[in-house]
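The values are calculated or read from the model by the stated rules, or taken from the named source; none is laboratory data. Worth saying up front: this structure is predicted, and the values here are computed from it rather than measured. All Cβ positions, glycine included, derive from the backbone under ideal geometry; neighbour counts span all protein chains shown.
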Amino acid sequence: MEVQQSLWEFMAQQSDKLLSQTLAHIGLTCISLLIAVVIGLPLGIWIAQRNKAAWLVLGIAGVLQTIPSIALLGFMIPLLGIGALPAITALFLYALLPIIRNTYTGIRGVNPAVTESARGMGMSRWQVLFNVELPLAMPVILAGIRTATVINVGVATLAAYIAAGGLGEFIFGGIALNNSNMILAGAIPAALLAIFFDLLLSLVQKANVRKMRKVSLVLPILLLLLSSFYIFPYADAKMLGGFTPEFMGREDGYLGLKSKYQLNMPTVVISDAVMYKAAYEKKIDVISGYSTDGRLKAYNLITLEDDKSIFPPYYASPLVRKDVLTKYPELEAAINLLSGKINDSIMTDLNYRVDYLKQSPEKVAQDFILANDLYKKSKNGNKGVIRLGSKIFAEQYILINIYKALIEGNTELKVETKTGLGGTKICFDALTNNEIDMYPEYTGTGLLVILKPTKNDLAALSGSREKVFNYVQKGFDEQYNLQWLKPIGFNNAYALMMRKEQAQSLNIRTITDLKDYVSTDNHRH
Amino acid sequence: MIIAEHISKIFNDIKAVDDISFEVKEGETMVLLGTSGCGKTTTLKMLNRLIDASGGSISIDGKNIFDQQPEILRRTIGYVSQSNGLFPHYSVEENVSVVPKLLKWDKSKTRNRAQELLEQLKLPLEEFGHKYPDELSGGQQQRVAIARALISNPPVLLMDEPFGALDPITRAGVRKEFLELPELKQKTIVLVTHDVQEAFELGDHICLMDKGKIVQAGNAKDLILKPANAFARNFFDHQRLFLELSALTFQDILNIADADSAFQNNADNASLPEISAKASLWAGMEILSASSKDALIVRNDTLNISKIYTTSSIQEAYRILKQHN
Ligand SMILES: Nc1ncnc2c1ncn2[C@@H]1O[C@H](COP(=O)(O)OP(=O)(O)OP(=O)(O)O)[C@@H](O)[C@H]1O
Ligand SMILES: [Mg+2]
């Protein structure tokens, strides 16, 4: 294993990215905040005068607030696609409630005797608003802006899922790659930003009510300035790559594409949940998919041939705690019933049914078992409980549903499933911490993400299926007391994908073709 | 001059002000007096259209107030609200300069005027100008509120319990200063209070209100000595003696009685305290009780007569006057 790099070294080495991500993060937060202020403030002022509209507007803003942030981003994609627009829109919607609500309560809270005397002296409605009500409500309004800012700094990390940039790129990349330094390099600046903005605004907010007239001038200017930090992560490139945070940080991913293929193209970071659709909708052109993904079929994408073999094999195998195998010897045989039963095209098809035809993973698993004569009625045993974990995508859901049926049909054991455990790091930690007993893992992931061999060791494996399998089996046994059981059969390796019709019209079949096309294209400009 | 005719205000079926009429002559102070909730504030606010009347007509200096834009109208009427209503985020000087700013006075004119006015109100601009309302005492705040209403020299001044928030002692003090302000001598003032003593001291003319109606209008003496009905009588009961003595002046008893002849020809008379015949009996009795002498000289300058009174001769005159009434 390589010597652990320190956090500082990582940050120093990645300082360019860190800076641009931080600036993008500040920009995203501030743009959305600015829009929320521009819209929320007048709305708050308006409803402060109209009680009937107040509950309606506050109600709607309140409902928006309760939508989980990931889901809100999800709703945005069909409407606004990917990138800055949906991210800013989602952040804006989150910032809206605190700003409207606090403007409303702030203005409602102004002593009526003061506004009345203002009117009594002959001020017009607007003069009362700008000279009396707003300055006096300002501390409360600022408290709302402060809440909104802190919320937005946090939610803006999710912008990385839809190619809008920000510190989420490091955070989610780090989680996917089991790289704590990378996670911290994103999480620490994000936390510091939240603390910094909170502190700054708390100072402004506590400033004497007398200085509020100055504050209400300075704040918008500051916001506008910070907003300009956000340089839109991509201009109009001819060929745009959209890669997952995980892929961006991997030697057998984007780093390898750059070093081995010399592929140099503009890229954005995007979550794999929306990547295929974005490619289909021509928002991006090249994506880093998985070769058995059902959406490949659904969205009419093709994989590019890895002619320099930078992607190692990713054969799926059940990864199990050895103490469980010893305690219940019958378990191994039941699990191995699936070995060799699923090849690449079968897996792609199963995934397609779930991802695209929207059948439930349970049903797809059930159909598969019946079709392959693996079905046995559940024994409803109570000898013990096996906890199955899965990462957060369809293939893993299908696999653990198949395993559940196999184990309950062939042994007296009962199965509990824990689905949706995020990425590799979360599943692996759950397994070593004895929170689950097994989950399906891929040999390539085990090799590169968990074991992290030296460059020399890696070269010796040279992408061979058997060598890699033996290497991870030995390594996991010795280091973690975990057992890799027999491979299921399919190879869910990384692959670069493009829209079929675009690849064909440009005559791109291999990654080298792509590289050639991109570099000549760049020369022309 | 303010003329209100048959004005009413109805708040969701409640008649807060019910068909009242009154007239305030130029330079006169009219007091609206009554218990809490009787409609005083509502009446006052109808005069500067902070509340629009449900019916009736109001004219100020001959102009119908409903013909004017409310903001413009209000800039020509000084207004001191029930709680002083100072802007907490404005300094004293900024608070006082609100109306000049609305009227687009130039800065030096505003400053000179503020200086002059705050000087009169014993809040010198240099010392208090930069202070904020929460740095002032209640009495000082009231005076700033009054300065704010007076700064543009409006001919009409409306005041809603301007001394309401003060303790009785400070209140009496501020009221005294108020009476002596040269600024106020020429103004047409409508003042709201529920404090009878205040009404008697400040009002040339008093409207006693109850349940939205004017029960009785007149000067202090009329109200206290010739109540129009049971409500008016009862209203003054709890401090009747004091009020009667405050309402009656020496003028009223000059021809009824004076001190024994023993006092009339006393050689010491030159050193006795003096008082004008326009002063109230109460004021005279206060001087006597504070002085070491047993008698005082009451002087009527227009008729050029003076008489001497002791405490017992004042009481005797008061008793006789009451019997005749
Ligand atoms: N905005 C309003 N809406 C409804 N009713 C009102 C409103 N303002 C006043 N009232 C009612 O009108 C009546 C007269 O109120 P007003 O404020 O004129 O009394 P006030 O004589 O000034 O009393 P106080 O001495 O307590 O200030 C009261 O019964 C009050 O409840
Ligand atoms: Mg009142």
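Annotations for the structure displayed:
- Residues of the range A:353-368 that turn out to be of a type in the set (Lys, Arg), surrounded by fewer than 15 Cβ atoms within 10 Å (Cβ to Cβ) and modelled with pLDDT of 90 or more, as a count: 1
- Residue in the range B:88-97 that is more than 11 Å from chain A (Cβ to nearest Cβ), out of contact with any helix residue (DSSP H, G or I) (no Cβ under 8 Å at 6 or more places or on another chain) and assigned to a helix (DSSP H, G or I) present: no
- Exactly one residue out of A:169, A:246 is part of a helix (DSSP H, G or I) and not assigned by TED's automatic domain parsing to the domain that holds residue A:30, and it is A:246.
- The set of residues in the range B:43-55 being within 16 Å of ligand 2 (Cβ to nearest atom) and either outside the structural domain of residue B:66 (by the TED database) or surrounded by fewer than 22 Cβ atoms within 10 Å (Cβ to Cβ) (or both) consists of B:50, B:51.
- Hits in the range A:334-352 (condition: of a type outside the set (S, T, N, Q), surrounded by fewer than 21 Cβ atoms within 10 Å (Cβ to Cβ) and free of Cβ contacts under 8 Å to residues at least 60 places away in the same chain): A:349, A:352
- Which listed residue is away from every other protein chain (no Cβ under 14 Å), surrounded by fewer than 18 Cβ atoms within 10 Å (Cβ to Cβ), of a type in the set (Gly, Ala, Ser) and assigned to a helix (DSSP H, G or I), from A:27, A:62: A:62
- Residue match in the range B:170-182 (condition: within 14 Å of chain A (Cβ to nearest Cβ) and away from ligand 2 (no atom under 16 Å from the Cβ)): no
- Residue list for the range B:279-307, restricted to those being in a strand (DSSP E or B) and either out of contact with any strand residue (DSSP E or B) (no Cβ under 9 Å at 6 or more places or on another chain) or buried (at least 19 other Cβ atoms within 10 Å of the Cβ) (or both): B:280, B:295, B:296, B:298, B:307
- Scanning the range A:104-135 for residues that are touching a residue at least 24 places away in the same chain (Cβ under 8 Å) and more than 7 Å from chain B (Cβ to nearest Cβ) returns A:104, A:105, A:106, A:107, A:108, A:109, A:110, A:111, A:129, A:133, A:134.
- Residue pairs meeting the criteria (Cβ under 8 Å; at least 6 apart or on separate chains; first in a loop (DSSP other than H, G, I, E, B), in the range B:219-241; second basic (Lys, Arg)): B:227/B:233
- Scope the range B:28-66; condition polar (S, T, N, Q), away from chain A (no Cβ under 14 Å) and within 16 Å of ligand 1 (Cβ to nearest atom); matching residues: B:35, B:36, B:43, B:54
- When B:72, B:146, B:77, B:151 are screened for being within 30 Å of residue B:25 (Cα to Cα), exposed (fewer than 15 other Cβ atoms within 10 Å of the Cβ), within 14 Å of chain A (Cβ to nearest Cβ) and of a type outside the set (Lys, Arg), only B:72 passes.
- Residue B:145 in a helix (DSSP H, G or I), under 25 Å from residue B:35 (Cβ atoms) and free of Cβ contacts under 8 Å to residues at least 12 places away in the same chain: no
- Qualifying residue in the range A:415-433 (condition: free of Cβ contacts under 8 Å to residues at least 12 places away in the same chain and either farther than 20 Å from residue A:338 by Cα or in a helix (DSSP H, G or I) (or both)): yes
- Some residue of the range A:156-167 being touching a Ser or Thr at 6+ places or on another chain (Cβ under 6 Å), away from every other protein chain (no Cβ under 14 Å) and either under 22 Å from residue A:98 (Cα atoms) or surrounded by fewer than 23 Cβ atoms within 10 Å (Cβ to Cβ) (or both): yes
- Unique residue being crowded, with 21+ Cβ neighbours inside 10 Å, in contact (Cβ under 8 Å) with a residue 60 or more places away in the chain, over 30 Å from residue A:454 (Cβ atoms) and not assigned by TED's automatic domain parsing to the domain that holds residue A:459 when the list is A:204, A:268: A:268
- Condition met for residue B:128 (free of Cβ contacts under 8 Å to residues at least 40 places away in the same chain, within 16 Å of ligand 2 (Cβ to nearest atom) and away from every other protein chain (no Cβ under 12 Å)): no
- Close contacts from the range B:167-180, counting a first residue that is without any contact (Cβ under 8 Å) to a residue 40 or more places away in the chain and a second that is outside any helix (DSSP H, G or I), with Cβ to Cβ under 7 Å and a gap of 6+ residues or different chains, come to B:171/B:163; B:174/B:163; B:174/B:166; B:175/B:163.
- The range B:158-201: number of residues that are within 25 Å of residue A:121 (Cα to Cα) and away from ligand 1 (no atom under 16 Å from the Cβ): 15
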